[in-house]
1. Sort out for me the Cα centre separation of the stretch B:127-177 from the stretch B:191-236, rounded to whole Å.
2. Just the C-alpha atoms of chain B: what Rg/Rh do they give, with Rh taken as the Kirkwood radius?
3. What list do you get for A:Glu60, B:Glu138 if you sort them by fewest beta carbons within 10 Å?
4. Take every Cα pair under 8 Å in chain A that's 6+ residues apart, average their separations, divide by the length, and report that relative contact order as a whole percent.
5. Among A:Ser10, A:Ser16, A:Ser141, what is the fewest-to-most ranking by other Cβ atoms within 10 Å?
6. Alpha carbons only, please: Rg and Dmax for the protein assembly as shown, in angstrom.
7. Greater than 20 Å separation of Cα atoms is the criterion. Which listed pairs, A:Lys43/B:Lys63; A:Lys77/A:Lys107; B:Lys66/B:Lys149; A:Lys43/A:Lys71; A:Lys77/A:Lys111; B:Lys75/B:Lys176, meet it?
8. Can you list the residues, at least 5 places off or on another chain, whose amide H is less than 5 Å from the amide H of A:Met212, using H built in the peptide plane?
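Every read-out reported here was derived from the displayed coordinates using simple, explicitly stated rules and does not represent laboratory data. If you're wondering where the values come from, they're calculated on a predicted model, not measured in any experiment. Every residue, glycine among them, receives a Cβ derived from its backbone with ideal geometry; neighbour counts consider all protein chains shown.
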Amino acid sequence: MIEVKQLYKSFGPKGSLEVLKGIDQTILKGEKVVIIGPSGSGKSTFLRCLNMLEMPTAGEIFIDNEMINGKKCDVNKLRMKMGMVFQHFNLFPHLTIMQNITLGPIKLKNKTKKQAEEQALELLKRIGLSDKAYAYPSQLSGGQKQRVAIIRALAMEPEVMLFDEPTSALDPEMVGEVLDLMKKLAKEGMTMVVVTHEMGFAKEVGTRILFMDDGMIVEENNPKEFFSNPKNQRTKDFLSKILQ
Amino acid sequence: MNEYLMKLAEDFKISFTNNFITDDRWQYLTKGLLVTLEITFFAVLIGIILGFIIAVIRTTYDKTKKFKVLNAICKLYITIIRGTPVVLQLLIIYYVVFATVAVDKVLAAVVAFGLNSAAYVAEIVRSGIMSVDPGQMEAGRSLGFTYGKTMWYIVLPQAFKNILPALGNEFIVLLKETSVSGYIALADLTKGGEYIRSRTYDAFMPLIAVALIYLGIVMLLTYLVNKLERRLSKSDRG
């Protein structure tokens, strides 16, 4: 459902800093792709290119066979199909949790307030936070905020969920609750692309691991093979460093 | 001692009667006050609307490089308005811009003070928009909102909350700035006090009265802004 061909991305004046150096990748429906790699390797940039939060410098990205980085594509329609979860949650601090979740469905999917609120309560019940519906984001813990951010994206009924280091800004004791919710989502068959440093999650949930280094996908494999039998030297170095 | 106080009170009474009661002179103040409030109200309205538009154009250009020409115009506008005295702007609007059309003086003042205020409001709003975390824009866009809708539903409400104290201050300044309306012979509150003084040759009473009225309105404005601030900050309480 996602096809990436020869994706390049540069930043800075005249593209002096090349972050992505030619990425080819196909992600199928139902896959849980986990992207790992050292910082600065271009993982987040790659993920953000998938929903055009970063404009690719060159290359083609197809979602459901529709090229998204052409002139004709309606980026806003496309983004409604792709939920995104950020490292720093990015909940809207001036709105209640309920308004955070229902804003998109009401304004973009033409749902009535009642429909959207019923759906939001349903989702809040799932994560055990229905009592926080009328609280503001500042009254929630980090883990709670990130779980709300996830269901805010889910309320748009996306086909793919993109996760950009969703647990990196959390206190250690809150990482578990967020990962649990992501595991549940994975079980339900959601297509997921996850940038993370949580190797346990990658092993347990991932159907495919991509290892990125220096703007390229250096190695990809199923988790079992990837962790027990890495082939590339850079992968080996990285894994030995983090699995000590 | 007692006699002295009695005489003081008697003087005050005579002076008060002479300045405000005789010939219904208090009406210069009340009518002037209405004119001042009218100018301020409509100028604030123009200032807010135009200021927000300019700020959005400027920040949109900074972020996306769209509106290049409009941005240049806005920048020039702000430079000119901030670089010249407001009295001069008022005179130019009334005697140059509206020279050939017989325009109401109040309208000329509203236009002049509105355009003046817009330049300052624009910079205040721009600082407010820049104070909102860029992640907010990204989160809005990632849900599928357009740039404009994200601005409207997500960024501007947060920006507005951040700039409320500065905006309140700007409008207090504006209210007091309208006191130069007398330059185009407009009978505002200050001019009203001046008029009484020219009739009675008594400076103390009318000028202090005018000062007290300005002070009262500013205190009321401050109170209202503070109240609004408290209401908007309910989402901050952790």
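1. Each part's Cα centre sits 29 Å from the other's.
2. On the way: Rg = 22.8 Å, Rh = 20.5 Å.
We get a ratio of 1.11 for chain B.
3. Details: A:Glu60 14, B:Glu138 19.
Neighbour counts put them in this order, fewest first: A:Glu60, B:Glu138.
4. Details: 428 pairs, mean separation 64.9, N = 244.
Reported relative contact order: 27 percent.
5. Final ranking by Cβ density, sparse to dense: A:Ser16, A:Ser141, A:Ser10.
6. Both quantities, over Cα of the protein assembly as shown: 31.2, 108 Å.
7. Details: A:Lys43/B:Lys63 23 Å; A:Lys77/A:Lys107 13 Å; B:Lys66/B:Lys149 16 Å; A:Lys43/A:Lys71 25 Å; A:Lys77/A:Lys111 16 Å; B:Lys75/B:Lys176 26 Å.
Checking Cα-Cα distances, A:Lys43/B:Lys63; A:Lys43/A:Lys71; B:Lys75/B:Lys176 exceed 20 Å.
8. A:Ile36, A:Gly37, A:Val218
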